[in-house]
């Protein structure tokens, strides 16, 4: 049988068609606009997502036996607020994960309601990108829209609804809303009350590998698929990427270098760090994970390459970098503010350490190293919980760079395993569809069968020592300039 994985990203939707043994038969990518109606705001039209998913799916399956397509599942950008009225029409554009408008509401939740209470209700504290602060913002600033809300959804779940007619979400994606009791896997009555919403306005919760429903007959006919094709809950993009890299079970790690960057540590047991610096979320394998998330990762390199020095030849720019561990230029990668571990939407990107002999290559290297150092910040929090890692998988657009993988390996002092497929969330979501259709008995079994390591980047003791010294300097920069960031608002 064949399975469709839909990765609903921030700039494009990527669709893959996978057969039962994990071989990718076809891939399609479709872009859609991103809107910035005010400084720090970030929105998209859910209708654009749906239009491109439909077009992309038709292209994806055009040369294949439609009768063989058994299931569709999803990985998707997390935290986005999609609100529907009583007719299931979109009320306003979706407010995305990297939107920074909710500073006031985030402070209210953390300071007035209190971080301790939030953590007891949801296992997390409020971050500007989370869904609950966005609801409070709509309630305060767009009361007419708020009064019309019949259903509250996340981005990928809007696509699942359009396919199946079922209002659903999964535990991993719902974990990032600040509306779910993560430990007990249910909606938090306290948080719903704080946000003035009801349980009836929330979608039904599923495990990521559970069937939500079948294709609606009219949608099946439009796509040319059987109405018996199953629609599977899917997962938040990071949990789906973790499935796609085999980061399931206990004590495994994945680093994602996408638009945002994450370090994702899977666990069979629920756990929270005392300062809530890391997100404590449910995982797509039915268990839990800890995650550190930085808002700008590969997007920092894209900003530097495309926007500042004006080149698309990333490989050529990186070829000029000769000496690792020797750079005296540092970069804080906080172009969209920062989440883990600082939780500061007002943080900004910063270069420091330039001299008259600083080169273009030094600046490029500083960008790559700055992202690695910021991921190390989250790894240090995990270490404080007694988590000891020896190796990590890696995925995302930035993972195509051998140099960046070498930097990651040495800054974090971890073996970096490179897998055969770089499809990340799209592959993970297709694997979830295969599990839901009983192709595999569990997510772990699917990962063991499908995910293959083809290379490992080993850290060098000499470079690890050099980067240890560099990191000790990097981690002093943010505390030194934090007050300046506050004054630049």
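A short reminder: the numbers here are calculations on the coordinates, not readings from a lab. For clarity, every value in this text was computed on a predicted model and none was experimentally measured. Ideal geometry is used to build each Cβ from the backbone, glycine not excepted, and the neighbour counts take in all protein chains shown.
Along Cα→Cβ, 7 Å out, is where each label goes; now give me the distance between the ones at residue 12 and residue 150 in nm to one decimal.
About 3.5 nm, to one decimal.
Using a basic spin-label model with each label point 7 Å from the Cα along Cα→Cβ, how many nm lie between residue 87 and residue 357?
If labels sit at residue 87 and residue 357, their model points lie 7.0 nm apart.
Provide the gained length on full extension for the span residue 309 to residue 104, in nm with one decimal, where the gain is 0.36 nm per separating residue minus the Cα-Cα distance.
70.3 nm
For the pair residue 482 and residue 193, what calculated FRET efficiency results from E = 1/(1 + (r/R0)^6), where r is the Cβ-Cβ distance and R0 = 35 Å, to the nearest 0.05?
The formula returns an efficiency of 0.55 here.
What ranking of 88, 377 emerges when the number of other C-beta atoms within 10 Å of each C-beta is taken as an exposure proxy, fewest first?
Final ranking by Cβ density, sparse to dense: 88, 377.
Given only helices, namely DSSP H runs of n ≥ 4 each adding -39500 (n - 2.57), what is the per-residue ellipticity at 222 nm of the chain, to the nearest 500 deg cm²/dmol?
It lands at -10500 deg cm²/dmol.
Between residue 222 and residue 67, how high is the FRET efficiency from 1/(1 + (r/R0)^6) when r is the Cβ-Cβ distance and R₀ = 25 Å? Nearest 0.05.
0.95
As an exercise, use a Förster radius of 35 Å and the Cβ-Cβ distance of residue 319 and residue 473 to find the FRET efficiency, rounded to the nearest 0.05.
The pair residue 319/residue 473 has a calculated efficiency of 0.85.
How do 37-48, 406-417, 289-300, 231-242 rank on mean C-beta neighbours within 10 Å, highest first?
Put in order of decreasing packing, that is 231-242, 289-300, 406-417, 37-48.
Stretched out fully, how many nm does the piece from residue 441 to residue 36 gain, at 0.36 nm a residue minus the Cα gap?
141.4 nm
Would you please classify the overall shape of the stretch 6-72 from the alpha carbon gyration tensor, given that a ≥ b ≥ c denote the square roots of the eigenvalues, rounded means a/c under 1.5, and beyond that prolate means a/b larger than b/c while oblate covers the rest?
It is prolate, given that a/c is not under 1.5 and a/b is the larger ratio.
Given the C-alpha centroids of the stretch 37-111 and the stretch 246-303, what is the distance between them in whole angstrom?
Each part's Cα centre sits 21 Å from the other's.
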